[in-house]
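See below for the structure under consideration.
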Amino acid sequence: MSRIGRMPIAIPAGVTVSVAENNLVTVKGPKGTLEKTLPSEMTIEVKDGEVTVSRPNDLKKMKSLHGLTRTLIHNMVIGVTDGFEKKLEINGVGYRADKKGKTLTMNLGYSHPVLMDDPEGIETVVEDNHITVKGIDKEKVGQFAAEIRDKKRPEPYKGKGIKYIDETIRRKAGKAGKK
């Protein structure tokens, strides 16, 4: 069996998990509510303060869906209790970001400022040259952070652009000088 899929998910205090027909899983917690329709082949059971996921057979597709389903439910439980965040860093002379209301304004060396509105359920915080993307849905947080990074990806020569805090940029040597 899938090692990850077999593990039960403990439901913390203050969190409720319910499973409706077609495997519509609803997780309510202190930070909000998340709903997701998961693969209908999987059997999801909530009992004794734990969520367990089981699969009907050992086909390769079922094995992969087993671990995926369990991880998605686990991420929903973590999201409504602690939330998720991604941190980005802006490097470059004159590159900066500002936050006004729900609009993130970035100066990234273009002839115009880049404006991005926070999606529903996502909050961005700007401190110095760092942007923090916060939310309860791991997928939305990661997607919005990737969209921000795509506005000016880090380049390999000087490292200018927007990168994740924990990302390492492979640097290249510049032009060789004359001898």
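The values are calculated or read from the model by the stated rules, or taken from the named source; none is laboratory data. Model, not experiment: these values are computed from the prediction. Here Cβ is always computed from backbone atoms with ideal geometry, including for glycine, and neighbour counts include all displayed protein chains. Keep in mind that these areas ignore ligands, DNA and RNA; they rest on the heavy atoms of the full protein, side chains included. Shrake-Rupley method; radii C 1.70, N 1.55, O 1.52, S 1.80 Å.
Hey, could you check the range 44-79 for residues that are farther than 15 Å from Val15 by Cα and small (Gly, Ala, Ser) and say which is most open to solvent (accessible area, probe 1.4 Å)?
Checked the range 44-79; the qualifying residue most open to solvent (accessible area, probe 1.4 Å) is Ser64.
Kindly provide the set of residues from the range 23-43 that are surrounded by 15 or more Cβ atoms within 10 Å (Cβ to Cβ) and more than 17 Å from Gly135 (Cα to Cα), ordered by number.
If the condition is that a residue be surrounded by 15 or more Cβ atoms within 10 Å (Cβ to Cβ) and more than 17 Å from Gly135 (Cα to Cα), then Asn23, Val25, Leu38, Pro39, Glu41, Met42 are the ones that fit.
Per-residue answers, yes or no, for (1) within 29 Å of Val77 (Cβ to Cβ); (2) in contact with a Phe, Trp or Tyr (Cβ under 8 Å, 6 or more places away or on another chain):
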{"position": "Glu89", "(1), (2)": "no, yes"}
{"position": "Asp98", "(1), (2)": "no, no"}
{"position": "Thr105", "(1), (2)": "no, no"}
{"position": "Gly109", "(1), (2)": "no, yes"}
{"position": "His112", "(1), (2)": "no, no"}
{"position": "Glu123", "(1), (2)": "yes, no"}
{"position": "His130", "(1), (2)": "yes, no"}
{"position": "Lys134", "(1), (2)": "yes, yes"}
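Could you list all residues from the range 124-138 that are of a type outside the set (Lys, Arg) and within 8 Å of Gly83 (Cα to Cα)?
Gly135, Ile136, Asp137 - these are the residues of the range 124-138 that are of a type outside the set (Lys, Arg) and within 8 Å of Gly83 (Cα to Cα).
Can you pull out every residue in the range 104-125 that is open to solvent by 40 Å² or more (accessible area, probe 1.4 Å) and farther than 30 Å from Lys28 by Cβ?
Correct list: Asn107, Gly109, Tyr110, Ser111, His112, Pro113, Leu115.
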